[in-house]
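Worksheet for the structure shown next.
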Amino acid sequence: MSLAQRQIRELASLAPAPTSGRGTLLSHITIEHGPIALLGRFFLQAERAARGRGVYLSLCPLEELVAVNQQNRDTWRPLIPIFDPYQGGFRPDNGFCILGRDDRGEVVAAQAARLYNLDQTSFYDAATSLKLFYEDPSAALARGEMCTVTARSTRTMTGRVVFSGAGWYRPDYRGRLLSCILPRISRAYAHTRWNSAFTVSMMAEAVIKGGMAARCGYTNVDWDVTVRNFAIGDLRFAFVWMKAEQLLDDAEAFLSSFAPQVDRAVEHRRAQQ
């Protein structure tokens with residue numbers, strides 16, 4: 001076991017166990033792909049940064065993501081089918097969910113990831129055929145659901161592609177820069193598991209204008225992906241993506257620029273709530 005792996009295990013043993021009883025996120029991480037030293041340091045600092053903001057991370061059953069989403073519909077849109085274990089083909093072998101809890105055990109943040117093996121097709125074909133969203137899209141097609149894509153990068157995106165999404169932060173935990181932490185942990189963990197070539201997501205126009213892509217570390221923003229007649233409504237998304245090399249560069253930049261603890265400005269905003 002490398003020094004980085006030993007450090008991860010040591011910090012995991014020292015971190016307060018979530019009240020869910022499932023253990024810390026760090027206790028489940030084994031770096032199977034990617035540079036061990038870099039990713040080991042990244043996971044340590046990112047988990048510490050979440051904890052410094054009062055959030056304790058752990059993996060959860062995929063069905064729990066659905067339940068938490070349903071319990072928080074006043075502040076969280078319904079999940080897109082990509083993250084639906086009941087009809088979307090979201091399974092433990094191709095996906096995971098990270099939940100963040102406060103010190104009382106209440107869920108205050110979420111992030112998920114899903115692997116697609118697109119060796120014989122492209123992201124464009126998967127999306128427009130609805131196979132990106134449904135294990136069997138025939139019923140959705142019969143309902144009139146459709147996805148149109150004009151983002152050019154999707155036509156040449158093949159191989160092991162990780163879709164990162166299902167991000168949510170409870171309103172009283174917004175403003176703590178968790179959107180700078182959880183998406184990065186999720187895509188780095190996905191890379192260590194599956195040796196992903198690309199990480200992608202889809203973000204609504206208002207979210208892009210609010211600066212979310214930049215906060216999450218995405219520099220490639222391509223328009224657009226539009227879904228119609230879905231249960232979540234008719235929505236236009238930007239397609240955001242990064243290569244594995246960019247993911248690692250971003251993790252290194254995070255180490256040198258992101259403070260593990262909440263800064264004074266954030267503490268002041270929290271005090272005013």
Note to self: So, in the range 139-187, exactly how many residues are touching a helix residue (DSSP H, G or I) at 6+ places or on another chain (Cβ under 6 Å), without any contact (Cβ under 8 Å) to a residue 60 or more places away in the chain and part of a loop (DSSP other than H, G, I, E, B)?
What the structure shows: 0
Notebook entry, point to check: Of the conditions (1) closer than 29 Å to Leu39 by Cβ; (2) at pLDDT 95 or above, Arg236 fails just one. Which one is it?
Noted result: (1)
Checklist line | Residue list for the range 216-231, restricted to those being touching a residue at least 60 places away in the same chain (Cβ under 8 Å) and within 19 Å of the chain's Cα centre (by Cα) | finding: Asn220, Asp222, Val225
Check: Here are some conditions: (1) part of a loop (DSSP other than H, G, I, E, B); (2) within 21 Å of Asp136 (Cβ to Cβ); (3) modelled with pLDDT of 95 or more. Trp76 meets all but one. Which one does it not meet?
Finding: (2)
Next item on the list: Considering every residue within the range 126-149, establish whether at least one is more than 13 Å from the chain's Cα centre (by Cα), within 25 Å of Glu245 (Cα to Cα) and surrounded by fewer than 18 Cβ atoms within 10 Å (Cβ to Cβ).
Entry: no
Notebook entry, point to check: Within the set of pairs 6+ apart or on separate chains, which have a first residue in the range 63-89 that is surrounded by 18 or more Cβ atoms within 10 Å (Cβ to Cβ), a second that is among the hydroxyl-bearing types (Ser, Thr, Tyr), and C-beta atoms under 8 Å apart?
Noted result: Val66/Tyr86; Pro81/Tyr134; Gly88/Tyr134; Gly89/Tyr134
Note to self: For Glu47, only one of the following conditions fails: (1) charged (D, E, K, R); (2) surrounded by 21 or more Cβ atoms within 10 Å (Cβ to Cβ); (3) within 28 Å of Gly89 (Cα to Cα). What is its number?
What the structure shows: (3)
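Residues being in a helix (DSSP H, G or I) and more than 10 Å from the chain's Cα centre (by Cα): count how many of those fall in the range 188-215. Walk me through how you get there before you give the answer.
First, the residues of the range 188-215 that are in a helix (DSSP H, G or I): 188-194, 205-209, 212-215.
Okay, now just the ones that are also more than 10 Å from the chain's Cα centre (by Cα), so 191-194, 205-209, 212-215.
Adding up the residues that qualify gives 13.
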Checklist line | Selection count, the range 101-129, where residues are assigned to a loop (DSSP other than H, G, I, E, B) and in contact with an Asp or Glu (Cβ under 8 Å, 6 or more places away or on another chain) | finding: 0
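The values are calculated or read from the model by the stated rules, or taken from the named source; none is laboratory data. Note that the structure is a prediction, hence the values are computed from the model and not measured. Cβ sites come from the backbone with ideal geometry, for glycine too, and all protein chains shown count toward neighbours.
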